[in-house]
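The values are calculated or read from the model by the stated rules, or taken from the named source; none is laboratory data. Not measured: the values here are computed from a predicted model. Heads up, the Cβs are rebuilt from the backbone with ideal geometry, glycines too, and the neighbour counts pull from every protein chain shown.
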Amino acid sequence: MSKATILIELQQLQTGFQQALAQATQPASLEQVRIKFLSRQGLIPEFLKQIKDLSPEDKIKFGPQLQEFRKTSEQEFSTKQALIASQNIPVQNIQTRDAQTQNIQISSKINLNLTLDPSSELPNQKFGSLHPYTQVIEKLENIFISMGFRIAEGPELETEFNNFTALNIPDDHPARDSQDTFWLRLPQQLMRTQTSPVQIRELSKQELPVAVIAAGRAYRNEATDASHDCVFMQLEGLLVDKNISVANLLGTLKTCLRAIFEREDLDIRVRPGFFPFVEPGLEIDMLCPFCTAGCSVCKRTRWIEIVGAGLVHPNVLRACGVDPQEYSGFAFGFGLTRLVMLKYGINDIRLLHSGKLDFLTQF
């Protein structure tokens, strides 16, 4: 898909959506608009799927624009839905409400002129909200889908091969010890310590090129305190194709972080790091989004460690049957729990699993 084709199709899609939304005047016709444009197989999601065919540079250029179009379309649909709902109160309900109001008015004249509004809200009503994890995961998925990635999933009960061996983690690595890993009594079975095994499963399919992200729970045998838990969330990303470089990795992560924190001036810093499954390995810090001169969140340094990344190690590619002489790629991993805590200013990881309504209703 060329740049000109993207802009033309985007303009046509915007025009078609606006016209269909304007012509919808009843709930049934509005539902048809949703199915046609916004459902899982709708025109807008299908259009975004085509972005995977673009070059990495074009994905970075057009991705945020397409993501904003999808977000705006959903907001306009919600506004129109609320408008139609307010204009389509059944006549029978109106008549019933008027009769009730009339009876109450008559009764109030007899009873010391007391008044009651039957249309007011009942007290102590409970309203649900999305969990902070859900909100951040949905936003991250939309960001990466706009850049041509797709969503992948894998089991939380994993094999030793997928969790360690295929990721180039040697047999004597400390991570395999029972102090870090929940081993099962089943042979070579464990609760995954990271979401990286999903990458192994996707690479083993050998359907190249591949660009996936995977979010989910991971398990480690750690004591629970304000900043650690034995169950936590991660988000992994993998892209394998021909001629992939560190520049592709850094451009992707910078675009993602700027979008999730809604700061165009957000910058990143790259430091060398060691991870068995990437070479070279990088540790990436982001400029603190909460201050300009240092704060308690960034420990007065202006930088926050946010992601481990690097180019996929040749041994990992070989373990999955991919020729490292022909293909290269990058991988990265977010501590999704840390990302949620940073975005919403949450200071205790235990709150995310507490089920406390006074905490959850803030979101």
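Cβ-Cβ contacts under 6 Å between residues 6 or more apart (or on different chains), taken from a first residue in the range 149-162 that is more than 25 Å from Lys139 (Cβ to Cβ) to a second residue that is among the polar types (S, T, N, Q), are listed as Thr159/Gln188; Glu160/Gln188. If you go through the range 338-363 and keep only what is of a type in the set (Ser, Thr, Tyr) and either part of a loop (DSSP other than H, G, I, E, B) or out of contact with any helix residue (DSSP H, G or I) (no Cβ under 6 Å at 6 or more places or on another chain) (or both), you end up with Ser354, Thr361. Determine whether Thr361 is more than 29 Å from Arg201 (Cβ to Cβ) and either at pLDDT below 85 or surrounded by fewer than 13 Cβ atoms within 10 Å (Cβ to Cβ) (or both). Yes. Checked against (1) at pLDDT 90 or above; (2) more than 23 Å from the chain's Cα centre (by Cα), Arg192 meets all criteria but (2). Of all residues assigned to the range 145-160, at least one qualifies as being hydroxyl-bearing (Ser, Thr, Tyr), at pLDDT 85 or above and not in a helix (DSSP H, G or I).
Flag: Ser129 does not match the condition of being among the polar types (S, T, N, Q), assigned to a loop (DSSP other than H, G, I, E, B), at pLDDT below 70 and over 24 Å from Ala20 (Cα atoms). Out of Leu43, Leu38, one residue alone is surrounded by 15 or more Cβ atoms within 10 Å (Cβ to Cβ), in contact with a Lys or Arg (Cβ under 8 Å, 6 or more places away or on another chain) and not assigned by TED's automatic domain parsing to the domain that holds Ser245. It is Leu43. Answer yes or no as to whether Phe275 is in a strand (DSSP E or B), in the same structural domain as Asp172 (by TED's automatic domain parsing), buried (at least 20 other Cβ atoms within 10 Å of the Cβ) and in contact (Cβ under 8 Å) with a residue 12 or more places away in the chain. Spelling it out, it is not the case that Phe275 is in a strand (DSSP E or B), in the same structural domain as Asp172 (by TED's automatic domain parsing), buried (at least 20 other Cβ atoms within 10 Å of the Cβ) and in contact (Cβ under 8 Å) with a residue 12 or more places away in the chain.
Looking across the range 153-189, the residues that are over 23 Å from the mean Cα position of the chain (by Cα) and hydrophobic (A, V, I, L, M, F, W, C) come down to Phe161, Phe164, Ala166, Leu167, Ile169, Ala175, Phe182, Trp183, Leu184, Leu186. Entry remark, the range 202-258: residues being under 21 Å from Leu54 (Cα atoms) and part of a loop (DSSP other than H, G, I, E, B) number 8 in total. When Gly321 is tested against the conditions (1) touching a residue at least 12 places away in the same chain (Cβ under 8 Å); (2) exposed (fewer than 15 other Cβ atoms within 10 Å of the Cβ); (3) at negative phi; (4) not β-branched (Val, Ile, Thr), the lone failure is (3). Against the criterion of being part of a strand (DSSP E or B) and either surrounded by 19 or more Cβ atoms within 10 Å (Cβ to Cβ) or without any contact (Cβ under 8 Å) to a residue 60 or more places away in the chain (or both), Gly294 does not qualify. Across the range 1-58, the number of residues qualifying as part of a helix (DSSP H, G or I) and among the polar types (S, T, N, Q) comes to 11.
Apart from one condition, Gly281 fits all of (1) surrounded by 17 or more Cβ atoms within 10 Å (Cβ to Cβ); (2) farther than 20 Å from Ile143 by Cβ; (3) touching a residue at least 60 places away in the same chain (Cβ under 8 Å); (4) not hydrophobic (A, V, I, L, M, F, W, C); the exception is (3). Of all residues in the range 303-319, none satisfies being in a loop (DSSP other than H, G, I, E, B), touching a strand residue (DSSP E or B) at 6+ places or on another chain (Cβ under 7 Å), in the same structural domain as Glu236 (by TED's automatic domain parsing) and among the charged types (D, E, K, R).
If you go through the range 58-73 one residue at a time, do you hit one that is within 26 Å of the chain's Cα centre (by Cα), at pLDDT 75 or above, outside the structural domain of Ala259 (by TED's automatic domain parsing) and surrounded by fewer than 12 Cβ atoms within 10 Å (Cβ to Cβ)? There is no residue in the range 58-73 that is within 26 Å of the chain's Cα centre (by Cα), at pLDDT 75 or above, outside the structural domain of Ala259 (by TED's automatic domain parsing) and surrounded by fewer than 12 Cβ atoms within 10 Å (Cβ to Cβ).
Per the conditions (1) at pLDDT below 90; (2) aromatic (Phe, Trp, Tyr); (3) within 28 Å of Met191 (Cβ to Cβ), the sole criterion not satisfied by Phe277 is (1).
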